Structures are given as C-alpha cells and as structure tokens.
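These notes are about the structure you will find just below.
The values are calculated or read from the model by the stated rules, or taken from the named source; none is laboratory data. All values derive from a computational prediction rather than experimental measurement. Don't worry about glycine lacking a Cβ; one is built from the backbone with ideal geometry, like all the others, and counts go over all protein chains shown. For the accessible areas, the whole protein counts, side chains as well, though only heavy atoms, and no ligand, DNA or RNA atoms are used. Shrake-Rupley method; radii C 1.70, N 1.55, O 1.52, S 1.80 Å.
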Amino acid sequence: MKILDLSRYKDRWWDWTAILLLFVVLSTTYTRLLATNWTETLDVTRSITTLGLITGLVLGFSRFSARWTFAFAIIYGTFVVPWRLGETLGDSIAWHERLLSLVGRLEVIIRHLLDQKPVPDNLLFILLMSIVMWAISAHAGYSLTRNANPWNITLPAGVVIVLIHSYDPISRRLWYLVTYFFFSLLIIARLVFIKNRKRWEQNHTYMPPYLGVDFVRIAVIATVILLLVTWTAPALANTIPAAQTAWQQIKQPWSDLRNTLDNAFASLKSSLGIIADYYGPSLGLGRGNRLSDTVVFYASASEEPPDGVRYYWRARVYDIYQNGWTTSLQTTRELDPDDFELNLPDMQDNSRTLYPFAFQLGVPLSTLMTPNQLVWISRPSKIEYAPNLDGSIDLASLRASPPLKAGETFQARVSFNTITVDKMRKAGTEYPEWVTQRYLQLPETISERTFQLANLIASEMATPYDKAAAVTSYLRTNIDYVETVPSLPVDRDLVDWFLFDLKEGFCNYYASAEVILLRSVGVPARLAVGYAQGEKIPDSDTWVIRQKDAHAWPEVYFPGIGWVEFEPTASQPVLARPLGFTPENSSISLDNFREDDPIADLELDQRERELREEDPGVATNRTQSIYLLILIALVFAFVLLLIPFIRRRQLYNKFPAMPIVLEKSLRRLGLQPPAFLQIWAIRAALSPLARAYSEINLALSRLGSQPKLTDTPAERATALTNALPPAANPTEILLREYQLGIYSQNNHRDIQSAKSAGSEIRQLSIKEAISRFLFRKQQPIDRPARYR
C-alpha cells in the first residue's frame, strides 16, 4: 500500500487556528449582509461562502498551479451559484424550469439596464452578492493554504463589509465592522507568528514555551487600540475643517459610483418589485385607462387547439354584481405540482387530450393565467375557490406562491371543451344546483327597463345559446367602443346607465351588461377577467400578450359542456365557432337564423363551407343518389309548372324559397339531401342583402382564395379588389350597402344596388375563373397586410 508523501506539501500552510479565524471573518461579512434585510433569499450567501472557503482551502493545498486552481474555482462556482439560486425557487419545481426562469429573469434585467431603467428584480443583487462571496471566500482559503498572505486573506472581505455598511449606515450595526477588524487583525498576527516560528525553527532559534500566548496577548491589545483610534477618527476629523474637506474629496468618487448603481439595485427598495396584477377579489367597472404596449407575458403552445378555440387567458372570475363585481369564491388551499388535484366539475365534452403551454413573464405577476380548464401547473400555487355540493370545486383564481418575477417561466397543461353551436343548442337547461345558486343572482338595483330589454332581445330565442348569441349581437351592434368613459353617476345602476344613456364603453361594461341581461332571462353567466388572445409572433407558436390586451368577457354555463366564452366587446373580433352538425345529422333548423344577424351569417358561412368539403359518397350510395336525383327532378318540374301561377298571384313572399322547401321535404321523407341542395338552401335562407354580400365570398373561392371566418367584410372586399381589379366599383358599392344594413341603426340601405353589384361581381369572377382555367393563368390573391 502506497503511503501519501507529505513532504511534497512542505511549502503549503495549514493552521486550524487561522482557518477558524478566517471562518469567523467571512461569517461576519455575510451576516452583515443579511442584517440589512434588503431583500429576500439573501441567506443563500451563507452556504455559498462556506462552500467557497472549503474549495479555496483544498485548491490552495493541492499541487495544481495557480492557473489551474483559478480555472477549477470558476468551474465549481459556475455550478454552485446557480444550484443554490435555483434552490430558492422551491423544491417542487423541475430543475430545467428553474434554470430557464433564472435565465429569463436575467434577460429582463439586462434590458432594463440597457434602457437605463430601474431594475425591479432582486435577482441581479443576489447573483452579484453570491459571486462576490464565492470569490472572496475561495480566494481567502486559497491564499491561506498556498502562501499565508494575510492581506490577500482579509482585505477583500473588508472592502465588501465596508461597502455594505456605507449603504446601510445604522449605528448599532457598526459592531459587525468592529468584529471584522478585530478578527482580521488576529489573523494577521497569527500568520506573522506562524511564519516567524517556521523561520526560527529553520534557524534553530530558541523559542520560549509561552511565546505563542504572549504574541496573542500583544496582538489583542494592539487590535483594541487600533479599533479605538479608528472609532474616534471621524469625529476628530469633523472638528478640523481641512480634514473634513479632504474627507469629502475622498468620498466623492464613491458617491458617484453609488449614483451609477442606483438603477441596478433599485429592486432593493422592494424585495419583489411591483407585482403587476390588475385583478383582485373585487372589480369596479371604472372609467378606463390608456393601456400600454408593455409585454405582460409570452405563451407558447406546442400543439394546435381544437377548431374554433380562441385563447382567453383567464385570471379570475366573479359571481356577485353590486354595481361592481365581487366574488364569493374565497376558500383557499395550497397546491403542489407533484400533487396537483383540482377536482373540477367533470364535463363529458371535455377533450381528453392535454395541451401543453409554456409561459414566460415580462413583468412580475402573482396570478397565473391559463386558457380554459386547467389540469396541471408547474409552480406551487394557492387557489381561491368555493366547494360544490357534488364534491367538485368552483375555481376563482390561481396564484403563484411565492409570486413570480419578470423573466420567470412556468408550464401548464389544459383541456379544451369540444364546443360547437349544435352542442350548445342541445345542452338543455338542467343546471347543477351550485350553478343556479351562484350565477343567476341579481341585485335589487337592476332597473325595470333592463329586464324589459333582456326579454325583448331574447323572447323569441328557444335555447340559452340563441339567447346568448342574440345579446352578444345586440351589444356589438348598438354600443360603441371607447377606452374611457365620463365620470360615473351616483346612486345609479351602471349597467342601466351604460345600456340606455351612455351607449358606449369598454370591455368591463360590455361583459357586465351581457351577464346581467342573460341572468335576467334565466341563463347562468359570470364575469371573467384576464387578457385577450394577444398577437402571434410570425412563423412561431408563441403569442405576445401586452398590457393593452387586458380584457373582460362573459362566460355562459352549458350543462355537460361547462363555461363558454362569448365576445360582446365591439373592439374584439367576432367569436365564431364550428356549427357541429353534418349532412348525416342536422337538427339545426334554418328558421333559427335571423335576417341581418352577423353571427348568424358567420354560422351560415361556416356551414356552407363544411358542406362543400363533404365527400358526396359518404352520405349515400350510388343507388340512393339516383333515386334522389329522379325525385328532385320531378319536384323541380312541378315547381316550374307553378311559377306562372305564382307570378300572376304575386305569392313570392307567402311561401318559403324553393330550395328550402325541397330540403325540408326530403328530410321529412327520411332522405338525406345532397350537399349542393343544402348549400342552395343555406343561401336561400339568407336575407337579400346578406345573399348579395355572399357573392364576394363566392368570387374569392372561384379565384382560389377561400376567405377565413375571422376576415372582416372590408378585408374580404380588399382581397377581391386586389385579385379582380375590374370588380373594384361593384365591390365598393356592395360593401357600403352591407355595412349600412348590418351596422347602422338607420334603414338607408339600397337592396337593389347591392343585388346589382353582387350580380356584376358574379359575372366578372366567373369570366376570370374560366380565363384562368383555359389559359392556366396564375395570379396570386393578395390578402390584407395582417395575413401576410
């Protein structure tokens, strides 16, 4: 067995007394830092200092060169500092997310420094203090065992503790400085004695037995004298004008440096920075604010959501209206990512697919915002909720514990309801008891005319969905959007004021009005707040949500489906969802659609598209198709025979349109109408103005550009004008008449002009489509700028 050769380490210094004194000096330094209470999690420097001292002692005693020991110290520090900082975020958070959060917060800090803005995050200070404490402790340990240089050991820690005291000049904390100087001088005395003793031993000089004790006694006395002189020196300097002037000149560079560092360490004035949560347990309707472009958070979705889903980043919901909103959902409970169980009401139409999202904050936040139904989140959190009678919970909000800082990240998994118009119409009205108790209540301050308006809008609607769609359409059509409103009236219901007098407002008023109107006709609804979808970064799956996207919207409860968002705010795009019925199973009557209803037009537009995409061979076999064609031909011939009689008697307006009659007749016979007949019936069900406007959509389809459901009429008209310049004039006429008919309260539309313009667009587009087909003419369709 090979014995360790200690002779190789004769030039190293190892003295337990000096090591103990050095540990006291370094402990005094980080304890002085903790005593400031400048910010949270500063105690991380304690373990970093201890580990740094051990690392420095070992590296100093090793045989590695100074260059290699420096490299090893940096490598170890690169591991230790992030490790200890990551530990401050919580044990239940995955390590990759902790590191991403630290990097994200540093990015935000750097942007603030480059913009010369105060840094709201304390991470910069904690990181710098951790690096400094690692560096001085590792350097002190290395200097002690490698060359026993007393000044390299004590001076760096002295500079740090003096800087700390200059920023925190509390007189009772001066004892930390005194303690540091006392033990530093003892280290110096001890190392001087050790070096002299080693020299005396080499020279065979006689040393009295009590020399060490006498040396320590002298060192202590000298230290006390020096400390007394140091203590009284500033007071003596203040009595001498020349000394006072010299002292101010010495302090001036340090004052300049402190001013420079003010922005970097602005977070020390508040440990957490300003938490940018706008929604608390209560919400006043307010007068509105000018919102900024400040980025609140980024959201990345790695998978496409179900059709018809628009992201609403929900922060909180409210159930009690009293000229403002409060919530009865105030029970709280802590949740851990490793044991995350919300026990939300089980909805049969919830998608079993879990959709992952990744979030990065642009500002400090406490409330965690997620879309739709949350299944899991990666951060420890506190939920606010109310227990339901069936054992499930009614969730109000989810708050991070502790709050998250700008740049931090978190992960979430959510499920989406497979929402279609057909399912919402068929959902019925068998509401759970907890829904009717909380979400149908109305205060006594609701005016009689508010109830009358709700009944007027929804009286002819058969289902809760149709009532919600009617109220949504009414608000979008009759109320103007503004960002701010005048001073609020006193002793007056604000919803009544908004609906009948002001007739303009922002999302808080739109959403509140829809909730109250729906509750007035027995439809459970609640107010949700958070952020609208935001802006998608081109060629990515990331959305940017800014402060100006702060939003409020109504949510309506449907049995078996759950809470569904509606969008009455006129500044937001129309929220269109899949119809959900197919040629094989259509229970939606065309009679349910009202003329000149923008939402109904969107639904008919989508139904027509779905039918065009159907495979005719799926619904019927070849034999059935032949029988259908024969029957349709006979019916068509019979109708042709009736046309002269109808013209003579002027009975056009007394009978439904022929394609509608044909479609309904086939369904009564138990036969499935072919797709082309259903499309024909859909167009016949439209109002004359909407039917004329649909020529723009058909023309775009003929020219190879299927418009999106979210395209506005103006955007569709622009696309057609760019694709077919000769159609610019009739397109402009048709667009003007359509907008007058749909959005204007005055009935000044010219139906005949719209029909003529639609006919001209149809002729021009057919000619252009034929020309392109014959001559293989390739012409790209220009889309509006926001779709490029």
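Can you name every residue in segment 752-761 that is farther than 17 Å from Pro713 by Cα, open to solvent by 50 Å² or more (accessible area, probe 1.4 Å) and in contact (Cβ under 8 Å) with a residue 12 or more places away in the chain?
Result: Ser756, Glu760.
Just a yes or no: is a residue in segment 332-351 within 22 Å of Leu527 (Cα to Cα), hydroxyl-bearing (Ser, Thr, Tyr) and touching a residue at least 12 places away in the same chain (Cβ under 8 Å)?
Yes, segment 332-351 has at least one match.
Please report, ordered by residue number, the strands (runs of 3 or more DSSP E) entirely within segment 287-376 with at least 2 residues that are closer than 30 Å to Glu483 by Cα.
Strands (runs of 3 or more DSSP E) meeting the threshold: 295-301, 313-318, 355-361, 365-367.
Answer yes if at least one residue in segment 100-112 is modelled with pLDDT under 85, part of a loop (DSSP other than H, G, I, E, B), of a type outside the set (Gly, Ala, Ser) and over 21 Å from Tyr30 (Cβ atoms), and no otherwise.
No, segment 100-112 contains no residue that is modelled with pLDDT under 85, part of a loop (DSSP other than H, G, I, E, B), of a type outside the set (Gly, Ala, Ser) and over 21 Å from Tyr30 (Cβ atoms).
Yes/no matrix, rows are residues, columns are (1) surrounded by fewer than 16 Cβ atoms within 10 Å (Cβ to Cβ); (2) at pLDDT below 75; (3) more than 50 Å from the chain's Cα centre (by Cα):
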{"residue": "Arg172", "(1), (2), (3)": "yes, yes, no"}
{"residue": "Phe182", "(1), (2), (3)": "no, no, yes"}
{"residue": "Leu186", "(1), (2), (3)": "no, no, yes"}
{"residue": "Val192", "(1), (2), (3)": "yes, no, yes"}
{"residue": "Asn196", "(1), (2), (3)": "yes, yes, yes"}
{"residue": "Arg199", "(1), (2), (3)": "yes, yes, yes"}
{"residue": "Thr205", "(1), (2), (3)": "yes, yes, yes"}
{"residue": "Asp214", "(1), (2), (3)": "yes, yes, yes"}
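Which of the numbered conditions does Ser92 fail, given that it passes all the others? Conditions: (1) outside any loop (DSSP other than H, G, I, E, B); (2) open to solvent by less than 70 Å² (accessible area, probe 1.4 Å).
Tallying (1) outside any loop (DSSP other than H, G, I, E, B); (2) open to solvent by less than 70 Å² (accessible area, probe 1.4 Å), Ser92 fails exactly one: (1).
Out of Thr29, Thr69, Thr39, report the one residue that is buried (at least 18 other Cβ atoms within 10 Å of the Cβ), modelled with pLDDT under 85, of a type outside the set (A, V, I, L, M) and farther than 20 Å from Thr409 by Cβ.
Answer to the selection: Thr39.
Does segment 478-498 contain any residue that is of a type outside the set (Phe, Trp, Tyr), open to solvent by less than 40 Å² (accessible area, probe 1.4 Å) and in contact with a His (Cβ under 9 Å, 6 or more places away or on another chain)?
no
Which residues, taken from segment 377-401, are assigned to a loop (DSSP other than H, G, I, E, B) and without any contact (Cβ under 8 Å) to a residue 60 or more places away in the chain?
Asn388, Leu389, Asp390, Gly391, Ser392
Residue check: is Gly86 among the small types (Gly, Ala, Ser), farther than 21 Å from Ser143 by Cα and either touching a helix residue (DSSP H, G or I) at 6+ places or on another chain (Cβ under 7 Å) or in a helix (DSSP H, G or I) (or both)?
yes
Conditions tested, residue by residue: (1) acidic (Asp, Glu); (2) in contact (Cβ under 8 Å) with a residue 60 or more places away in the chain.
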site	(1), (2)
Thr418	no, yes
Thr445	no, yes
Arg449	no, no
Ile479	no, yes
Glu514	yes, no
Leu518	no, yes
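Scan segment 160-170 residue by residue and report those that are aliphatic (A, V, I, L, M) and either in a helix (DSSP H, G or I) or open to solvent by 60 Å² or more (accessible area, probe 1.4 Å) (or both).
Once the filter is applied, which keeps residues that are aliphatic (A, V, I, L, M) and either in a helix (DSSP H, G or I) or open to solvent by 60 Å² or more (accessible area, probe 1.4 Å) (or both), segment 160-170 yields Val160, Ile161, Val162, Leu163, Ile164.
What are the residues in segment 100-132 that are within 28 Å of Phe70 (Cβ to Cβ) and open to solvent by 60 Å² or more (accessible area, probe 1.4 Å), if any?
Residues satisfying the conditions are Val103, Ile110, Leu113, Leu128, Ile131.
Could you check segment 449-480 and list, in sequence order, the residues that are more than 31 Å from the chain's Cα centre (by Cα), more than 11 Å from Val521 (Cβ to Cβ), among the aliphatic types (A, V, I, L, M) and modelled with pLDDT of 90 or more?
Result: no residue meets the conditions.
Restricted to segment 404-435, and to residues that are within 30 Å of Val119 (Cβ to Cβ) and in a loop (DSSP other than H, G, I, E, B), which residue is most open to solvent (accessible area, probe 1.4 Å)?
The residue in question is Lys405.
How many of the residues making up segment 448-477 are part of a loop (DSSP other than H, G, I, E, B) and crowded, with 16+ Cβ neighbours inside 10 Å?
Final tally of qualifying residues: 2.
From Ala148, Ala135, Ala140, Ala157, which residue is surrounded by 17 or more Cβ atoms within 10 Å (Cβ to Cβ) and at positive phi?
Ala148
Can you name the residue in segment 521-569 that is under 24 Å from Phe498 (Cβ atoms) and β-branched (Val, Ile, Thr) and, of all such residues, is nearest to the chain's Cα centre (by Cα)?
Filtering first and then ranking leaves Val529.
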